[in-house]
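One structure below.
The values are calculated or read from the model by the stated rules, or taken from the named source; none is laboratory data. Please read all numbers here as calculations on a predicted model, not as lab measurements. Quick reminder, even Gly has a Cβ in these numbers, built from the backbone with ideal geometry, and neighbours come from all protein chains shown.
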């Protein structure tokens, strides 16, 4: 901070100019590109969804490709350009951006806008993370289910423009924070792989080692919410489990903040302790049918997203929910779940095939023992109150604090 203060006193003693992004560069809108266009080799490209999932906040290297023929028809980003995802289902996520720092050009598709400018590219990428950016963008976001941030709105957002030397010093400081966090995340990933190894080892059984039962003999399936309109989600009176709640958690969060209108005359199935919830569809086979067990009784009637379905055992004494939350994410079960799915651009679970999945059922005491071992290993990679997850969260909060401070300047008169 003292280095930046010194630079500002010397270079910009009267404050920093703030300017609209549209005054500092040009915007290029992407054109057609879908995931089915990806190839194993060819011209490097970035799909807008990768801005959310593959790349970190500022440095990207193409990991997907398209044919040279398609690339000739797509827009291109070059070194230093900012790639901005202009659509999202979440207002907080729309407008996420990464700087393209790779060598040469990269193709990009629709729902992505490139900002071509003369600022330090990582400085701009860091600015797009700040609270100042998010506060300004909100008045330009439109849409209900899918949020959109048009480039005409982005162009009006104001950014502080310190001298290039100051921009580079800010980038150096923030890069240090992110490098430290990356090291911790690498260690966390190693521990996660360790958990997965022991999980798959403990949950792999020979056919004659334990009892195997088809799901349809062990319990029954039920559907998520049906007959819901957009208005029902705008004025809700009952909590419901979202798709991401199921996808991201071994144990479902049974006290969600998401609400839906459920009338007393409707025939909807609330979730219950011991249920196992599944995502019903995905864009890839690797991610379809992800499971989350209900390991705590819901405090009030709670329902399930329409893009998910539930499995209710006849008796949770037979299938321990703490055991089930690990079992249905193990290699033993994932291989069967993936085989129960079909589709091309959208992969969907076949309920008929899913019911025939065979489930290994060790003795209740063995289920409890395995669950306890795996809970301990999982805590090392997911418990935000202790260990590496807690340290990463503390680093992230520290980074957010300094990022917003470093990118806040008194505006020059």
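Among residues that are surrounded by fewer than 23 Cβ atoms within 10 Å (Cβ to Cβ), assigned by TED's automatic domain parsing to the domain that holds residue 220 and under 21 Å from the mean Cα position of the chain (by Cα), residue 258 is included. If you go through the stretch 395-413 and keep only what is in contact with a strand residue (DSSP E or B) (Cβ under 9 Å, 6 or more places away or on another chain) and surrounded by fewer than 17 Cβ atoms within 10 Å (Cβ to Cβ), you end up with 408, 410, 411, 412. Scanning the stretch 238-291 for residues that are in contact with a helix residue (DSSP H, G or I) (Cβ under 8 Å, 6 or more places away or on another chain) and assigned to a strand (DSSP E or B), we see that the one that is farthest from residue 371 (Cα to Cα) is 260. Here is a check on your reading of the model: is residue 233 under 20 Å from residue 354 (Cβ atoms) and either in a strand (DSSP E or B) or touching a strand residue (DSSP E or B) at 6+ places or on another chain (Cβ under 6 Å) (or both)? Against the criterion (under 20 Å from residue 354 (Cβ atoms) and either in a strand (DSSP E or B) or touching a strand residue (DSSP E or B) at 6+ places or on another chain (Cβ under 6 Å) (or both)), residue 233 does not qualify. Of the helices (runs of 4 or more DSSP H) lying entirely inside the stretch 59-153, those containing at least 3 residues that are surrounded by fewer than 21 Cβ atoms within 10 Å (Cβ to Cβ) and within 21 Å of the chain's Cα centre (by Cα) span 131-137. What is the one condition in (1) under 23 Å from residue 14 (Cα atoms); (2) assigned by TED's automatic domain parsing to the domain that holds residue 87; (3) surrounded by fewer than 18 Cβ atoms within 10 Å (Cβ to Cβ) that residue 156 does not satisfy? Tallying (1) under 23 Å from residue 14 (Cα atoms); (2) assigned by TED's automatic domain parsing to the domain that holds residue 87; (3) surrounded by fewer than 18 Cβ atoms within 10 Å (Cβ to Cβ), residue 156 fails exactly one: (1).
Can you find even one residue in the stretch 319-328 that is part of a strand (DSSP E or B) and crowded, with 19+ Cβ neighbours inside 10 Å? No, every residue in the stretch 319-328 fails to be part of a strand (DSSP E or B) and crowded, with 19+ Cβ neighbours inside 10 Å.
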